[in-house]
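Written below as structure tokens is the structure these notes are about.
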Amino acid sequence: MMRFTGYSQIRNAMYLTGIMLCLLPLGISGQHDTILMLDPIEVTARRIKLTDVGKHTETIDSQILTMRQYNNVAEVLAFQTPLYIRSYGMGTLATLGIRGASAVHTQFLWNGIPLRNPMLGLLDIALIPSFFTDDISIHYGGHGAAFGSGAIGGLVSLTNKPISETSRMEVHLSAGSWGSYLGEVKFDYGTQKLRFSTRLFFQEAENNYRYRLNKDQPEKNQIHHHLKNLGLLQEVSWAINANESLTARLWLQNTDRQIPPTSTQSYSKAAQQDKTLRTSLQWSRNGEKVDWQVKTAILDEDIDFQDSVILLYTNNHFRTWLTEVETSVQLNPRLNVTGGIFAEYVNAKSANYKAGVSRNQYGGFASFSYLLEDWAFRFQMREEFTDRQWSPLLVDFSTEWSGIRNFTVKGSLSRNYRIPTLNDLYWRPGGNPELAPEEGWTFESGIHFQSGKGKWDFNASATGFIRSINDWIMWLPPGQGGRNFWSPINIIQVNSTGSEFRSGIAYMAEKWIINFSLGLDLTWSQFADDLPEFMIEEGDQVFYVPVHNVVSGISLGKQHWSAYYNHHWFGASNGISESVSSGNIGSVGLSYGPVRPSAVWSVYLQADNVWNTPYRLIERRPMPGRSIKMGLRFVIS
Amino acid sequence: MKKFQPIKILTIVSAFLMCHNGSAQIVADFEEYNLSAGEYLNDASPSSAFQSGAIELTNYYDADFNFWSGWAISADTNTTTPGFLNQFSAIPGKGALNSTTYSVGYIFDPIVVRLQPQAIGKPMIGMYITNSTYTYLSMRDGDPFAKKFGGETGEDPDFLFITFKKYYEGVLSTDSINVYLADYRFADSGKDYLLSDWTYVDLTEFGPMDSLSMQMTSSDNGAFGMNTPSYVCMDHVTTDNLQLFEIIADEDSNLQVGPNPVSDRLFIGVKKEGLCTAVNLQGQVIWFKHLNVGNHEIQVSNWPKGVYVISQNGEIGKKISVQ
């Protein structure tokens, strides 16, 4: 199945090439961007790429996303990268902190539009269907100068590719353990000028999975964990002329999740419904020297929570409207200047706010990139004005040198910040309107190597980083600081250092393709001072940040067959209530997919947690034991 | 009915009372707030404390946030609903000694039971405490933030206790009394328990004090403090157990008891319906019953020998000696 990703141009490729395309992404680290080759089509994509000069970036493209079944982006990142996903269980809340930062320090972009929940400051990536994105790129490090508040630990960009020029239908059906079913359908259709793409997905899972608390304990059944997920992504693209295009997108999703009990809870009756509406309109004009892009979006989310046991019923709702105008000027072959302005209005309602609260944010940004023969330099800056308060001047200076064949040396220094969330400011009781934004600096440097010779292809990279975040916001328990309730304060500095290693080897013989990959993250993210009110001592590691994370994968392909084994090892970490033990998780898959003139199809079988290892990513939240899924994909053009 | 014998009583109690010169036993039972079953009071405004008997219970209420901390007064009877929305009920579903009203403390930090000015420097004799429904059900079943006691395997040696200390002349004592609201540390797990009824805490060993400090300790803690909901319910706080014999000898009171001394059957004459109690010199209630108007007979032969105060509806009572 991995050979066919649904694009007609692949269908007619040689089968060996097809297998290669499928197996190469089995490398856990995805592909490293070739930074200096800029995509001339998508201005947004280009700005994302430009901000990667001097920084560590990984891309998981559509090839990888169709390699096996992923329910959501959280599963993709957990499988493909050494990133530690803070997951509360199958389909339940999952967040991502990068380089030892918190989940609120990771910014998610959907075609350049920030997706964060302004009330919480984070995104539940278990709610992002992997089917609704074509490429996922992880941009490590601070990107505040390009994308503003929140992009301190890193940035994850979810991108939809341009709609296929030919009409086609892609279907993916899957069934697996614990009553899980998945259906995904995508239609691309329309005229040459007006193209439509419709994606529908349905997912249902009983999730009554078997798990063990530890190796010595008998298996138990998870309870109250039903999941139902339904979504639509509609895209319309109008090619106004050769240089101008208008793209509209509508994302509707309704997710109904039961929230299972913890391992130290007898039962649960809690449930949550997330209703999401995301819509965007984007106009692009690509000139010979000047590009323009205007985009506007409305993000509307409604979150209902019920717990019939404790008689708690809450509703939280927010709506974000944002618009951005951006232009890029190629002054000469070496110098590019990009600038833009943006405005964002957020309105949120909650029973825990005194009344509906709103926030206005405006800003401007500029970047200058200069290319020499072997050098690339980029300087970016951004200023934001949020509710009558100026941000610090966010700057980023990055450079790359490719003076030695096959090698690229990178370096970047950036200043980043994060404004408090609406809950931090207005939650009753405890909201603290006096909070200051978090801010800090990140420095990183790395060396990347890529080489291919004959049947061999080899890539490797090593990146080191240092980051500090001042005025880190934490919620102080009652009784501390003379307060009678939980309340957030700016407390302390958190310092992070670490390194990221990625390597991949591919061997392509006449009939065989073998791919091996290895990724290692080492992260020390520590409190810089004692915090007796939190029982935290200087040097303690930040919660849910294992020092060690390793992902390795091996894949084999021969003619129509392909197989993979992927292993993720993560070290122990500090939890809020208990430590979280280290874990070893293995996944294996087998697929068969012949090429036919009329259609491309494949069947697959995959098993996750094949060693049936008891593990958790959050304390008291046991993850599932061994599971099996099987599926069918076909593409008709 | 025998006449009261003041000389004899004074002899018996003098050893205990030491320098206390005939002050009265005062019981804080919070019934004066006249709450009906299911009601609670978490705002002491315009005062910053609830008062009952000879004690004061500090209360913080934020009208803007509709948030309270410290102490509340409650007659909530809900013993089945878990969670923080049911934070005002005691797990027995009523006050101590079958009373209606009790107090609920939210102990995120040590909180105090203050003696009112006229009682400062005098002993606090004892009180009844129990778990709140929220805390009890959280320990029994767990919740999203706190573990069920015993943990995943049922074998974790979990516990929840309250530490009492006294303040006297502004100094916190080093002596303390720990009272377990839950204890799962027994080798025989069949003995593990969650306190589900009111239990008496004898505070006489503290002697004179200005206020009483209460702090909770749990085996289930996180970086942000205790995970177990930190609530406790308190009732019938006895601040002194001396009776002025002139008052006890009041033949016009609503309560008549005799014979005195008594060894077998005690007759109680009640002029007004209500809860009748017998309290020993340590302030411990050893008998209680709701009595209608009329004469009643109770068996006291199984009571330990000693002096008891028979009172009704928390009012000043009469002493008898069981021999």
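Taking +1 at the Cβ of each Lys and Arg and -1 at the Cβ of each Asp and Glu, which of A:L230, A:I473, A:L277 sits farthest along the dipole of chain A towards its positive end, judged by Cα position relative to the Cα centre? Of the candidates, A:L230 comes out farthest on the positive side. Per-residue packing, averaged as other Cβ atoms within 10 Å, sorts the ranges B:183-192, A:554-563 into the order A:554-563, B:183-192, beginning with the highest.
Karplus-based coupling profile of segment A:123-135, in residue order and whole Hz: 10, 7, 7, 6, 9, 9, x, 5, 5, 8, 9, 9, 10, with θ = phi - 60° in 6.51 cos²θ - 1.76 cosθ + 1.60 and x standing for Gly or Pro.
Shape class of segment A:512-579 from the Cα gyration tensor (axes a ≥ b ≥ c, square roots of the eigenvalues): prolate, since a/c reaches 1.5 or more and a/b is larger than b/c. Of all lysines in the structure, the ones whose alpha carbon falls short of 20 Å from that of B:K272, not counting any fewer than 8 places away in one chain, are B:K289, B:K318, B:K319. Charge dipole (Cα centre; +1 on Lys/Arg Cβ, -1 on Asp/Glu Cβ; no other charges) of chain B amounts to roughly 1160 debye.
Cα centroid distance between segment A:325-385 and segment A:280-318, in Å? That distance is 18 Å. Cross-link pairs exceeding 26 Å between alpha carbons, from the set A:K269/B:K148; A:K453/A:K511; A:K161/A:K629; A:K354/B:K147; A:K349/B:K147: A:K161/A:K629; A:K354/B:K147; A:K349/B:K147. Inter-part distance, segment A:403-473 to segment B:188-203, computed on C-alpha centroids, equals 53 Å. Seen from all directions on average, segment A:8-636 presents a Cα convex hull projection of 26.5 nm².
What's the average, rounded to a whole number, of partner chain beta-carbon atoms within 10 Å of each residue's beta-carbon in A:544-552?
Details: counts 0, 0, 0, 0, 0, 0, 0, 0, 0.
That average works out to 0.
Backbone geometry of segment B:175-190 corresponds, through the Karplus equation with coefficients 6.51, -1.76 and 1.60 at θ = phi - 60°, to 3J(HN,Hα) couplings of 5, 8, 10, 9, 10, 7, 8, 7, 8, 10, 9, 6, 4, 8, 5, x Hz, x marking Gly and Pro.
Counting only protein heavy atoms and using a 1.4 Å probe, what share of the accessible area of segment A:8-636 belongs to carbon plus sulfur, as a whole percent? Don't jump to the answer; show the numbers that get you there.
Working: 14550 of 24100 Å².
For segment A:8-636, the apolar C and S fraction of the accessible surface comes to 60 percent.
Cross-link partners of A:K193 among aspartates and glutamates, defined as those whose alpha carbon lies under 12 angstrom from its own and excluding same-chain residues fewer than eight positions apart: A:E165, A:E244. Calculation over all alpha carbon pairs of segment B:27-238 in 10 angstrom steps from 0 returns a P(r) of 9, 35, 37, 17, 2, 0 percent. The Cα center of segment A:138-181 and the Cα center of segment A:583-612 differ in position by 21 Å.
In the full protein context, segment A:8-636 carries 38 Å² of accessible surface per residue, based on a 1.4 Å probe and ignoring ligands, DNA and RNA. Averaged over the residues of peptide B:143-155, the number of Cβ atoms from other protein chains lying within 10 Å of each residue's Cβ is 5. Rounded to the nearest 100 Å², what is the sum over both chains of accessible area buried where B meets A, with a probe of 1.4 Å? Adding both sides of the contact gives about 2800 Å².
Straight-distance candidates among the lysines for linking to B:K122, with alpha-carbon spacing under 19 Å and chain neighbours fewer than 8 residues away dropped: B:K165, B:K166. Over the protein assembly as shown, dividing the summed -39,500 (n - 2.57) contributions of all DSSP H runs of at least 4 residues by the number of residues returns a 222 nm mean residue ellipticity of -1500 deg cm²/dmol. Would you work out which of A:F201, A:A343, A:F79 lies farthest towards the positive end of the dipole of chain A? Charges go on Cβ: Lys and Arg +1, Asp and Glu -1. Sorting the options by dipole projection puts first A:F201. Scalar couplings 3J(HN,Hα) for segment A:299-314, obtained by applying the Karplus form with A = 6.51, B = -1.76, C = 1.60 to θ = phi - 60°, are 10, 10, 10, 10, 10, 9, 10, 9, 9, 6, 7, 9, 6, 10, 9, 10 Hz; x denotes Gly and Pro. Compared with the dominant principal axis of the Cα atoms in chain B, helix B:6-17 is inclined by about 30°.
The values are calculated or read from the model by the stated rules, or taken from the named source; none is laboratory data. Bear in mind the structure is a predicted one, so any value in this text is a computation, not a measurement. A quick note on method: Cβ atoms are made from the backbone with ideal geometry, for glycine too, and the neighbour counts reach across all protein chains shown. When the accessible area is computed, the model is the full protein with side chains, heavy atoms only, and any ligands, DNA or RNA have been set aside. Shrake-Rupley method; radii C 1.70, N 1.55, O 1.52, S 1.80 Å.
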